[in-house]
Amino acid sequence: MKTADYPRSLQKTRGHRTLALGSCVLLSSLVTGHWPLVTEGEAAVSKGRTHHLEAFSNAQGGGRASSSQLRQQSVIGEAIAGSRLSGSRVRAFLGFLGAALAGRLNQPVNWLDLAVLYAKTDPSGAAIPPKTWERHNEPVFIWEPPSAGPDVAGYSYAMDRAPDPVVNTTQTSLSVRASGQGPLTDGKHTFSVQAINTAGRAGRPISFEIWVDTTPPQIVRYAPAPGALLKTPAPAISVNVSDAASGVKKSTVSLFSGSTPLLFDFDEATGLLTTRGTLWNEGVNRQELRVADAVGNSQPPLIWSVTVDTQPPIGTMTINAGATMTTSASVTLSLRASDAVSGVERMLLGNEEAGGYVEEPYAAERAQWKLNPIRGRQAVYVKFVDRAGNVSSPVSDEIELSLRSPETKITSGPAGVTPNRTAAVTFACPEGECLFSFAFDNDPWSAWSPAASAEKADLVFGNHFFRVKAATEVNGLAGIQPDEEDPSPAERTWIVGVEPPTVAAPKGPAIKLWRLE
C-alpha cells in the first residue's frame, strides 16, 4: 500500500451533521520535514504486535477504521486506547488520546447553546433594537439553531421568566400575535428561549429585552382653567404632563395661543411646562397644547379658552337726577357703567374720595343713599368693578344740602362720675315745636313725642350713654319721614359709681411712735 492510499482522516457521519471524532496527526515531518515510505502492513495491520509507524493520520472517538485493500479492520476507541503507539519519529499526544479514546465521547456543554436572537416588527418588517422604547407590542422573535447541536428536538421559550425543559415549538421563531398570548403590556419584557435535544438536555437560554410603550402621555393638570377670566396682560401657563414609559421631551411638546407659538420651559424630569410671560390679546384667547412621548404616542390636542381683561369699566353717576340742591340727607344715585370684555359686576360707594367705600352689587339706581348730615356742598363718589376685578377710578357728583330738619341739643343731664343711679335728661331744638325720640344705652328709640325730658332709674354701676333726636313736620306726609328728623342725634355719656379720692393714703408697714420721759 502506498502512502497516498492511506486515509487522511476518519469521520463519523450522523444525520446531516459530520462530527469530528477527534484527530491526532503524527507526522514524521515534525522531525524530518518529509514523508518517508510506509509499507501496507505498517499502515493498516495491527494484531497483537507492536508496530513502529513512521507517519500516519488517525481520526478517533469511536467507530471503525478500515482499509480499502485489506480485510483486516481495527476498532477505534477503547481498543486503541489500550494500545501502545511508538516510533522513532512519532510523537503521541497521550493526554488527548487517554482522555478522548478511553471511553464514551462526551459532548461539549455548549453545543446546544443559542447564539443569535433578535426581534422584528413582523416576519418581513424592521428590526427592533433591544432595550429601546418601541410602540410595537406584537413583535416576532427569531433565533438561529445551535451550530453543532446534535439531535435538536425543539425549543422552549418563556416571557418574563426562565423557560422550562419542555419543548414548546420546533420552529426558530415566535410571533406574539400568532401565539394567542395577546399584545404585550406596556413596560419592559424579557423573552428567553433555549434548545432541547432528543435526550431532554437543554442548552443555555438566550434572552432579548424589549420595551413596549403604546400609551400616550397624560395631562395631569393645567392652568389657567378653561373659561378663566384674568386681568393680567401676560398670564403664565403651567401644565403637568406624565408618561410612565418612554417619557416626554421638550421637542415633542408644542403650545400655541391662537396660531402663534408660545415660548415655554419644560422640565423633562418632572414633566412641568411653564410659559415665559408672553403678552396675550385683550379678550378671548384660544390655547392649544400638543404632547407626544418619545416614541410618538399622542393624544388629541388639548384646546381651551381664557379671557384676558386688563381694562377697568367706565361709567358716570348723578345725585337726584342731576339736581343742584336737596333738603334731605337721603338722596337717589343714578349710575351708568360698561365694560367691553367681562362686564360690570360691583360698585364701591362713599362720601369721601380717600376711603370709607361700601361695596355693593352694580345697579343702575341706588335709592336712599345717606349724605353727610352737614349743611352745605356734599359729594358722592363711586368706583365700578368688572368681573375680572379691574377697578375704575372714582367718578363723583355734588349737591347742595339745605336741611329742613331741626338740630337737637341736650340742655341738662348727668356727666362725668356720679353716684346717682337715676338719670334725668332735658333737651330742646332751636326751631321750636319739635318732636323728640330718645334712647338710653342700647334701648330702642322711643316713640316720637313733644316731651323735652327723659328719666331712667336703677342704672347699674358703670358706663352709660343717652341719645336724642328732634324732628319737625315739613312735607305734609303723615308721620315723621327720614328727611324730617335730625340726621345727627345729640349724645351724652357718664359713669355711675363712686369717684375715687384725689389723695391716696400711702401703703406700707405700720408707723410706730414712742414718747421719751
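The values are calculated or read from the model by the stated rules, or taken from the named source; none is laboratory data. Note that the structure is a prediction, hence the values are computed from the model and not measured. Note: ideal-geometry Cβ built from the backbone for every residue, glycine included; neighbour counts use all protein chains shown.
Scanning segment 435-451 finds no residues that are hydroxyl-bearing (Ser, Thr, Tyr) and assigned by TED's automatic domain parsing to the domain that holds SER338. Taking (1) in contact with a helix residue (DSSP H, G or I) (Cβ under 7 Å, 6 or more places away or on another chain); (2) of a type in the set (A, V, I, L, M, F, W, C); (3) farther than 12 Å from VAL380 by Cα in turn, VAL341 satisfies each apart from (1). Candidates are the residues of segment 243-262 that are more than 15 Å from SER305 (Cα to Cα) and loosely packed, with under 14 Cβ neighbours inside 10 Å; the one that is nearest to the chain's Cα centre (by Cα) is ALA244.
Residues being part of a strand (DSSP E or B) and among the hydroxyl-bearing types (Ser, Thr, Tyr): count how many of those fall in segment 266-289.
Here is the first cut: in segment 266-289, the ones part of a strand (DSSP E or B) are 266-267, 272-275, 283-289.
Next, from what is left, pick out any that are among the hydroxyl-bearing types (Ser, Thr, Tyr): 274-275.
Result for segment 266-289: 2.
Consider PRO145 carefully, then state whether it is assigned to a loop (DSSP other than H, G, I, E, B) and touching a residue at least 40 places away in the same chain (Cβ under 8 Å). Judged against the criteria, PRO145 is a match. Filtering segment 227-253 to residues that are within 26 Å of GLY187 (Cα to Cα) and assigned to a strand (DSSP E or B) leaves VAL239, ASN240, VAL241, SER242, VAL253. The single condition among (1) closer than 27 Å to LEU401 by Cα; (2) touching a residue at least 40 places away in the same chain (Cβ under 8 Å); (3) assigned to a loop (DSSP other than H, G, I, E, B) that TRP445 does not meet is (2).
Each residue in segment 393-417 was checked for being in contact with an Asp or Glu (Cβ under 8 Å, 6 or more places away or on another chain) and assigned to a loop (DSSP other than H, G, I, E, B), and 6 of them qualify. So, in segment 377-419, of the ones that are within 30 Å of ALA457 (Cα to Cα) and of a type in the set (A, V, I, L, M, F, W, C), which residue ends up surrounded by the most Cβ atoms within 10 Å (Cβ to Cβ)? For segment 377-419, the residue satisfying everything is ILE410.
Report yes if some residue within segment 302-324 is small (Gly, Ala, Ser), more than 18 Å from ALA223 (Cβ to Cβ) and free of Cβ contacts under 8 Å to residues at least 60 places away in the same chain; otherwise report no.
Keep residues of segment 302-324 that are small (Gly, Ala, Ser), which gives 305, 315, 321-323.
From what's left, more than 18 Å from ALA223 (Cβ to Cβ): 315, 321-323.
Retained after the next criterion (residues that are free of Cβ contacts under 8 Å to residues at least 60 places away in the same chain): 321.
Yes.
Exactly one residue out of ALA269, ALA329, ALA321, ALA337 is of a type in the set (A, V, I, L, M, F, W, C), more than 30 Å from GLU134 (Cα to Cα) and loosely packed, with under 15 Cβ neighbours inside 10 Å: that is ALA321. Of all residues in segment 163-199, those being closer than 28 Å to TRP111 by Cβ, surrounded by fewer than 13 Cβ atoms within 10 Å (Cβ to Cβ) and either modelled with pLDDT of 95 or more or of a type outside the set (Gly, Ala, Ser) (or both) number 5.
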